[in-house]
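Beneath this line is the structure, given in C-alpha cells, with notes to follow.
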Amino acid sequence: MADLPIDQVRTLLAAVEEGTFEAAARALHLTPSAISQRIKALEQRVGRVLLQRSKPVRLTESGEVLARFARQFRLLAQEADAELGVDGDIRPTTLPIAVNADSLATWFLDALTAVPGDVSFVLHREDQDHTTDLLREGLVMAAVTSSPEPVQGCSVRALGRMTYRAMASPEFAARWLDGPLQEVLPQAPVVVFDSKDDLQHRFAQAVTGRDPGMRRHYVPASDVFLTAVHKGLGWGMIPDRQADEQSALGLLIDLAREHPVHVPLYWQQWKLDSPPLSALAEAVAGIAADHLAPLV
C-alpha cells in the first residue's frame, strides 16, 4: 500500500466522489482520458479491478479498500497541513458522515455545531439499517447506524434509542380507523419514507399480524413526511418527540401508544487517531444522551 502512487489513489477517490470520469477530470483539472489512464494504471499495479464503469461509477470490493485508504490519507494530510501551516493555505478537515433522516431532522445537527475547529461535514442521508454499507464501501468515515456489529476497521459505541409512534390526524382516524385497529388498519392508507423504511411494517405486524395496506404513499423527507401525516394522506410512524408535540396540539392522535417501535442507534467510525473525528464522536455521544432514551 505504501508504494502506491498517491496521485493515482487520489484520482480513484475523485472518480467515486464525483460519480463520473468527466466530473473527476473537472475537479482535478485533468482530462477524462488522464483520469481513465491513472485508474487503469492503478488497477494494473494492484492486479485487480477497482471500479465498475457505470454511471455513477461504483467501487468493487478491492476498490473499497483503496478508497478507505485514500480518505484516511487525505484526513491525516489535512491535519498535518493544519499543524504545519503549509504555505498558509489551510483547508478545513472534511468529514463524510452517514446519518438516518430522522436523526438528521431532530438532534444530529446540534452535534455538528458542537464540534470545535475548522471542519467541513459531508452528510449522506441513508436508512439506519444501511448506513454501515457506506462505511464498508469507504464512502464515509463515520455513521449513525442500527447495527452494533462493527464494520471492519471501525469502532462502535451505543448512542441510545429512538422511539416511534403510529400517528394519524383526527380526521383521517375518523374516516379510515373507525373500528378495532387490527381490523381497519390493513385497509387504511399509510405514509412510508422509502422502500427501505420498515417501521410501518413492524408496527402493523405487531398490532394486526399483517402488513400495511397497499395504499402506500412514499414521502422521502422527514419534515414533509410529518406534514403528509398531519394533512391526512395516511398514518405513519413519527419520532416520539415530534409525536408528543403534535399530540399536545391536537394535530395528531396516537393510534396505539402501547405499541411503540424502538430503534437502537450506534455510532461507528474508523479506528483512526484523528482529533476532528474524535471531537465529532464526543459531540454526537453528548447530544444523543440528551435526546435519546438509554438502550436497555
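Structure values in brief
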| read-out | value |
| --- | --- |
| Computed Rg/Rh of segment 105-172, alpha carbon atoms with Kirkwood Rh | 1.06 |
| Fully extended contour minus Cα-Cα distance, from Arg241 to His262, at 0.36 nm per residue | 6.2 nm |
| Sorted largest first, extent of segment 198-244 alpha carbons per principal axis (Å) | 29, 23, 17 |
| Peptides ranked, highest mean first, by Cβ atoms within 10 Å: ranges 232-244, 36-48 | 232-244, 36-48 |
| Accessible area (Å², per residue) of the chain, counting only protein heavy atoms and a probe of 1.4 Å | 49 Å² |
| FRET efficiency estimate (nearest 0.05) - Cβ-Cβ, Glu149 to Thr208, R0 30 angstrom | 0.45 |
| Heavy-atom SASA rank of Leu30, Leu95 (probe 1.4 Å, accessible area, largest first) | Leu30, Leu95 |
| Whichever lysines have a C-alpha closer than 25 Å to that of Lys40, once near sequence neighbours (fewer than 8 apart) are set aside | Lys55 |
| Heavy-atom accessible area order for Thr106, Thr60, largest first, 1.4 Å probe | Thr106, Thr60 |
| Antiparallel DSSP beta bridges within segment 35-164, as percent of all bridges there, nearest 5 | 20 percent |
| Distance between modelled label sites at His217 and Arg26, nm, 7 Å Cα→Cβ extension | 3.6 nm |
| Antiparallel content of DSSP bridges confined to the chain, in %, to 5 | 65 percent |
| Correct option for Rg and Dmax of the Cα atoms in Å [calculated from the coordinates] among [x] 22.6, 72; [y] 22.6, 78; [z] 18.8, 58 | [x] |
| Accessible heavy-atom area order of Glu137, Glu17, Glu61, highest first, probe of 1.4 Å | Glu61, Glu17, Glu137 |
| Spacing of the two label points (7 Å from each Cα toward its C-beta) at Phe73 and Gln182, in nm | 6.1 nm |
| Expected 222 nm ellipticity per residue - DSSP helices of 4 or more, -39500 (n - 2.57), all of the chain, to 500 | -13500 deg cm²/dmol |
| Gained length - Ile6 relative to His201, 0.36 nm times residue gap less alpha-carbon distance | 65.5 nm |
| Förster-model FRET efficiency, 41 Å R0, Asp273 and Ala41, C-beta, rounded to 0.05 | 0.85 |
| Once the Cα gyration tensor of segment 136-284 is diagonalised, semi-axes √(5λ) in Å | 35, 16, 13 |
| Length released on extending from Arg157 to Asp110, taking residue separation times 0.36 nm less the Cα-Cα span | 15.1 nm |
| Packing rank of 250-257, 111-118, where each peptide gets the mean count of other beta carbons within 10 Å, highest leading | 250-257, 111-118 |
| DSSP bridge pairs, segment 116-262: antiparallel proportion in percent, nearest 5 | 65 percent |
| Accessible-area composition of segment 184-245, carbon plus sulfur, in percent [1.4 Å probe] | 51 percent |
| Kirkwood hydrodynamic radius of segment 233-296, from inverse mean 1/r over distinct Cα pairs, in Å | 14.7 Å |
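The values are calculated or read from the model by the stated rules, or taken from the named source; none is laboratory data. Keep in mind that what you see is a predicted model, and the values were worked out from it rather than measured. So basically every Cβ, Gly included, is an ideal-geometry build from the backbone, and we count neighbours across all protein chains shown. Areas reflect the complete protein model, heavy atoms only, side chains present, ligands, DNA and RNA absent. Shrake-Rupley method; radii C 1.70, N 1.55, O 1.52, S 1.80 Å.
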